[in-house]
Structures are given as structure tokens and as C-alpha cells.
1. Out of the residues in the stretch 104-128 that are open to solvent by 10 Å² or more (accessible area, probe 1.4 Å) and outside any loop (DSSP other than H, G, I, E, B), which is modelled with the highest pLDDT?
2. Has the stretch 11-26 got at least one residue that is modelled with pLDDT of 90 or more and surrounded by 12 or more Cβ atoms within 10 Å (Cβ to Cβ)?
3. Out of all the residues in the stretch 139-162, is one or more crowded, with 20+ Cβ neighbours inside 10 Å and farther than 16 Å from Glu54 by Cα?
Amino acid sequence: AKEVDLIGAESANFADFENVSPRRLQRICNLPFQLATSTTLDLLLPTIVEQLTEIMPAAKHWALVLRDQDSDTLVLNAYRYIHDPFLNERLLRQVIAERKGVLWSKRLAPSNPVAGSDSGFASGIYAPLLWHGEALGTLCIGTSGGEGAFSEEDLTLLAIAGQYAAMAIATVRLQERL
């Protein structure tokens, strides 16, 4: 597994994404506007996952996991899958604690317990939902055995999506408290 520090992901230069389709970049740029229309978490969280399916179409599962602020419990709040989602709690907690995204692949690390042979997934990305230095949860995507591995560019795009999603989640939580 490869860890990438995402603290500076919000300042990513879109010109650096030479291999990313203009459609995917447009989806990332429009994401804050798409998320701003949801006024409750019940509406927002599935919208985030739906948008991920457009940004990361090569994935076979997309999931959003939030950390309960009071109990530190991890909750799978929204997901979409072609194959059953594979989530590793140890890796989810690592991404939240370290505030670093993780890109993993069986090809890169065949003995990696995160991408174990029983999972059915060959490659995945876990990116934290960061807002004002706090990790609210994690975005997760994965591919199956016959699919290609994700790239560092994909990790950066998911991290940017995670920052936009975290901003929307924090805004809706604040509105719900008021």
C-alpha cells in the first residue's frame, strides 16, 4: 500500500492532471455546486456517492464511511456497488488517524492483508474526508480482479472530492444543529 499525505490536496493544480479526461475534471470542479443543493445528511451522503460514480467510473464499489463524533464508531453511511463493497476497519481508522490517503493494489503488494485474496478486489483507494484539520470519515473505492489498478492521479482526485464532500457534510451538520 502506498500512503500519500493529503494535507495540501486542496491546492492541487488541475493543469497537473494531463491524463485525466476533461469530463472528470469538470465533475470535480462542479462537485461543490452539486453538493450544495442537499440540505440534510440523508440527501447529501447518497449524492456524494452518486457523484463519485461519475468521477471514478472504473471503480466497482464506492462507499462513504463517517466517524461518529461521540462514540468513535465507524458507520457505512452511503454506498453503491457492482460487487459487494470491501471495507477494512484497520485501514479506515489509519486513514482517519493519519489524515493520509491510501492507494493499494494486489499487484503492488500481493501479501497485503488489505487487498487479501478473499476480498475479491485488486485495487482500491481510501481518502479521508478532511475539514478544518478534522477527519470526518473516509471515501473508499475499489476495483475487482479483472480491472486495472488506480493511479496516484486517481488518489489525488478522490482526495479533492473528499475535501469538497467534507465541507458539505460539515455545513449540513452545522445547519442541523442550528
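1. Among residues in the stretch 104-128 that are open to solvent by 10 Å² or more (accessible area, probe 1.4 Å) and outside any loop (DSSP other than H, G, I, E, B), the one modelled with the highest pLDDT is Ala122.
2. Yes: one or more hits.
3. No.
The values are calculated or read from the model by the stated rules, or taken from the named source; none is laboratory data. No experiment lies behind these values; they were computed from the predicted model shown. Cβ sites come from the backbone with ideal geometry, for glycine too, and all protein chains shown count toward neighbours. Surface accessibility is based on the protein's heavy atoms, side chains included, excluding ligands, DNA and RNA. Shrake-Rupley method; radii C 1.70, N 1.55, O 1.52, S 1.80 Å.
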